[in-house]
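Peer 1: The structure under discussion is supplied below as structure tokens; questions concerning it will follow.
The values are calculated or read from the model by the stated rules, or taken from the named source; none is laboratory data. Only a predicted model underlies this, so the values are computations on that prediction, with no experimental measurement involved. Neighbour counts run over all protein chains shown; Cβ positions are idealised from the backbone, glycine included. With ligands, DNA and RNA removed, areas are computed over all heavy atoms of the protein, side chains included. Shrake-Rupley method; radii C 1.70, N 1.55, O 1.52, S 1.80 Å.
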Amino acid sequence: MNGFETILYEKNDGIARVTLNRPHALNAFSVQMRDDLYEVLSAIRADDEVRVVVFQGAGEKAFCAGADLKEFLTAPSVVKARRIRAVRDLWRLFLGTSQPMVAALHGYVLGSGFEIALFCDLRIASADVVFGLPEVGLGILPGAGGTQTLPRILGLAGALDMLLTGRRLNGQEALAMGLVNQLVPRDRLAQEVDAVAQKIASCDPVAVQNAKRAVIKGMDMSLEQGLDLEWRLAAATKG
Ligand code: COA
């Protein structure tokens with residue numbers, strides 16, 4: 001599966017790798033990128049060979065600098081945009097992907113780029129990383145789940161600070177606040193991400209996916225419901 005305009009796709013030994021590939025525009029998230037991601041993620045979800053997915057950005061400067069602002073100025077009407085979104089709801093696709101997803105983050109991780117990272121289960125960043133949600137400053141809202149995913153990861157105070165003030169976080173701040181799992185030197189990012197992906201890919205895929213499901217679904221349940229879910233998934237996991 002390849003030939004995408006805005007992303008690269010590779011699959012080796014159970015590890016799928018999706019590279020946002022518009023380095024000339026700091027991998028800005030365009031309508032074409034949304035369509036390409038929708039297609040690749042749909043295929044990944046249906047592919048039993050894929051045990052873990054890595055998202056990364058091409059080029060030296062950014063994982064993704066957010067929505068494509070040049071395209072934004074010529075965007076379709078709000079009604080048309082909503083219709084496209086309803087037909088191809090990429091964010092729900094991210095949310096419902098059963099394989100673990102790991103974000104390899106370097107440079108600018110802004111707006112929808114940050115929101116893609118928030119949908120991932122693990123975030124590994126290099127020391128040059130900069131996180132931010134510039135949307136409110138541009139008179140818009142984060143439209144890729146950020147108002148919901150960020151407080152679940154960062155807590156209410158940190159999320160509101162980033163959302164309302166546009167405050168940017170550097171790598172050390174992100175590590176201290178629990179936004180990233182690991183902070184590594186830039187030249188070790190690929191290796192460290194590979195090591196984590198290989199570790200996940202070496203485990204039993206049913207156990208891995210059920211563990212993910214228990215945690216993600218359980219977050220929105222009462223403790224009692226969550227314990228029921230865990231019990232059912234544990235029973236379904238025993239081979
Ligand atoms: N949409 C479209 N193009 C973008 C982009 C975006 N979000 N972010 C960067 N680019 C393009 C620039 O226009 C520039 O293209 P050019 O060389 O054809 O002029 C290229 O990427 C390099 O960006 P540049 O601004 O020169 O790099 P920088 O290192 O000086 O600044 C940023 C980096 C991230 C601080 C700056 O690009 C920026 O603020 N981008 C917009 C971030 C944003 O508000 N995103 C929207 C979130 S909703």
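Peer 1: Can you confirm whether the stretch 18-38 contains a residue that is at pLDDT 95 or above, closer than 17 Å to Phe4 by Cα, over 16 Å from the mean Cα position of the chain (by Cα) and among the basic types (Lys, Arg)?
Peer 2: Looking through the stretch 18-38, at least one residue is at pLDDT 95 or above, closer than 17 Å to Phe4 by Cα, over 16 Å from the mean Cα position of the chain (by Cα) and among the basic types (Lys, Arg).
Peer 1: Still on this model: I need every pair where a residue in the stretch 26-38 that is over 15 Å from Leu110 (Cα atoms) has its Cβ under 6 Å from the Cβ of a residue that is surrounded by fewer than 20 Cβ atoms within 10 Å (Cβ to Cβ), sequence separation at least 6 or different chains.
Peer 2: Gln32/Glu5; Asp36/Phe4; Tyr38/Arg88
Peer 1: I've got another one for you. Does Ser98 satisfy being of a type in the set (Ser, Thr, Tyr), within 28 Å of Asp48 (Cβ to Cβ) and in contact (Cβ under 8 Å) with a residue 12 or more places away in the chain? So that I can check it myself, show each step before the final result.
Peer 2: On the way: of a type in the set (Ser, Thr, Tyr): yes; within 28 Å of Asp48 (Cβ to Cβ): yes; in contact (Cβ under 8 Å) with a residue 12 or more places away in the chain: yes.
Answer is yes for this residue.
Peer 1: Right, next: So which residues in the stretch 1-16 are open to solvent by less than 40 Å² (accessible area, probe 1.4 Å) and either in contact with a Gly (Cβ under 7 Å, 6 or more places away or on another chain) or among the small types (Gly, Ala, Ser) (or both), if there are any at all?
Peer 2: Within the stretch 1-16, Gly14, Ala16 meet the criteria.
Peer 1: Taking into account only those residues within the stretch 120-142 that are open to solvent by 40 Å² or more (accessible area, probe 1.4 Å) and within 15 Å of the ligand (Cβ to nearest atom), which is nearest to Ala28 (Cα to Cα)?
Peer 2: Result: Pro134.
Peer 1: Moving to a separate point now. Any idea which of Gln225, Gln148 is closer than 23 Å to Asp89 by Cα and at pLDDT 95 or above?
Peer 2: That would be Gln148, the only listed residue that is closer than 23 Å to Asp89 by Cα and at pLDDT 95 or above.
Peer 1: Being in contact (Cβ under 8 Å) with a residue 60 or more places away in the chain and touching a strand residue (DSSP E or B) at 6+ places or on another chain (Cβ under 7 Å) is the requirement here; does Leu179 meet it? Can you show your working first?
Peer 2: Working: in contact (Cβ under 8 Å) with a residue 60 or more places away in the chain: no; touching a strand residue (DSSP E or B) at 6+ places or on another chain (Cβ under 7 Å): yes.
Criteria not met by Leu179.
Peer 1: State which residue is farthest from the ligand (Cβ to nearest atom) when the search covers only the stretch 17-58 and only residues that are of a type in the set (Lys, Arg) and buried (at least 22 other Cβ atoms within 10 Å of the Cβ). Lay out the reasoning, then the answer.
Peer 2: Within the stretch 17-58, the subset of a type in the set (Lys, Arg) is 17, 22, 34, 45, 51.
The next check asks that each one be buried (at least 22 other Cβ atoms within 10 Å of the Cβ); those that pass are 22, 51.
Details: Arg22: 8, Arg51: 32 Å.
Restricting to residues being of a type in the set (Lys, Arg) and buried (at least 22 other Cβ atoms within 10 Å of the Cβ), the top hit is Arg51.
Peer 1: Now a separate question. Just one of Gln209, Gln148, Gln191 is assigned to a helix (DSSP H, G or I) and more than 18 Å from the chain's Cα centre (by Cα); which is it?
Peer 2: Sole residue among the options that is assigned to a helix (DSSP H, G or I) and more than 18 Å from the chain's Cα centre (by Cα): Gln191.
Peer 1: Oh, and also: Is it the case that the stretch 102-109 has a residue that's surrounded by fewer than 21 Cβ atoms within 10 Å (Cβ to Cβ) and in contact with a Gly (Cβ under 9 Å, 6 or more places away or on another chain)?
Peer 2: no
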